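The structure appears below as C-alpha cells.
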Amino acid sequence: MKWWMVFAVVVCTAIADLLQSFEMKRKAVAAEDLRPGRWGRVLAGVLQRGQLLAAIFFMAISFFAFLKLLSLADLSFAVPVTAASIVAETILAKLILKEKVTPLRWAGAFFVATGVALLAA
Amino acid sequence: MPVAPSSLEQAAPPMKTPRLDRRTNLLAAFVILTNVLGNFLLSWGVKHQTTHLGLSPFAYIQVIFSPWVLCGTTLLVFWLLSRMTLLGWADLSYVLPVTSVGYVLTAILGRYFFSEQISWQRWLGTVLIVIGISLVGLTLPNTTAATRGGEQFR
C-alpha cells in the first residue's frame, strides 16, 4: 500500500507539473502581481485557465495519496521518496516541453535516482 | 471574476543571464518556506488526529477540516500559486532543484519535532538528492523562452 501511494504521488505530480510549466510559460504571472492583496487576482486568473485546472486536479489526487502516505510512513521518508518525480519530470521536460537537458542535468537526475533508491533500502 | 490583462498577458523581455535575479530568489525562498511548513503542519495534523484514513472519502474530509491540516493546506495553496509563478519564469527542470533544499529542511523538522528515526541510509539518500538537484541548478534557468515564443516575466 505504501509504495502504491508513492507511485500515485509521483505520477500525478509529474503530470501536474508538466501542465503547469507549459501553461505558465505561455502566459507568465507578472512579479508585480505577487504583492500582498493581489493573490486573489492571481488565483482568479489561474482558475480561468483549463490546463491549470487540470493540473490542480492531478495535484489534488497527489495530495490525497500523500495524506494517506503520511499516515503509513514517516514524514522524513514520505517527502524525500516522492522526489522520484524529479527524474520522471526531467525526462518528460526534454521530450514534451523541449527543454535543453544538458549532461549536468542528467547527472543530477542520476544522483536523485540513487538517493531515492537509498531511501527505499 | 475577470482578470485585468496586465496581470497575466503583458509581454516582457526574455531572461538574458543564467543568474536568477533577486525577485526570483525571493520567490523561490517563499516557495520553499510555504512547502516545508505546509507539509510539516499536514503531518502534525494527521499524526494528532484519531480518524482512520481508510477508503472512505468522509474520513479524508474530516481530517482536512481539522485545524492543523487546514493551516497546512492554506500554506500549500500559497505554495501552489507561487510555484506556478516560478514555473512561468524558469524551466521545470530548473525549478525542481532550486526548491530542493526543502527536502533537507523537512528531514530536519521530522527528526526534531516528531523524533523520527532517520538511518544513515536515509540521510545519505537525502544528501544525494540535494547534490543531484543542485547540479541541475548550475545550468541555465530558462532554455525554452526563445523557441516556445512564450511571454516572459518582468
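The values are calculated or read from the model by the stated rules, or taken from the named source; none is laboratory data. Because the structure is a prediction, the values reported are computed rather than measured. Note: ideal-geometry Cβ built from the backbone for every residue, glycine included; neighbour counts use all protein chains shown.
Just a few scattered comments:
- Residue in segment A:60-81 that is out of contact with any Cys (no Cβ under 8 Å at 6 or more places or on another chain), surrounded by fewer than 17 Cβ atoms within 10 Å (Cβ to Cβ) and over 14 Å from residue A:3 (Cα atoms) present: yes
- For segment A:78-85, the criterion of being assigned to a loop (DSSP other than H, G, I, E, B), out of contact with any strand residue (DSSP E or B) (no Cβ under 7 Å at 6 or more places or on another chain) and more than 7 Å from every other protein chain (Cβ to nearest Cβ) is met by at least one residue.
- Count of segment A:95-115 residues, restricted to those that are closer than 25 Å to residue A:73 by Cβ, in contact (Cβ under 8 Å) with a residue 24 or more places away in the chain and at the interface with chain B (Cβ under 7 Å from one of its Cβ atoms), is 2.
- Filter pass, residue B:124 being modelled with pLDDT of 80 or more and buried (at least 18 other Cβ atoms within 10 Å of the Cβ): no
- Residue tally, condition within 7 Å of chain A (Cβ to nearest Cβ) and under 17 Å from residue B:36 (Cβ atoms), over segment B:123-143: 3
Yes/no per residue for (1) in a helix (DSSP H, G or I); (2) within 13 Å of the chain's Cα centre (by Cα); (3) at negative phi:
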| residue | (1), (2), (3) |
| --- | --- |
| A:56 | yes, yes, yes |
| A:76 | yes, no, yes |
| A:97 | no, no, yes |
| A:100 | no, no, yes |
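- Inter-residue pairs, beta-carbon under 7 Å, first charged (D, E, K, R) and in segment A:20-45, second at pLDDT below 75 and assigned to a helix (DSSP H, G or I), 6+ apart: A:25/B:148; A:27/B:8; A:33/B:7; A:41/A:33; A:41/B:7
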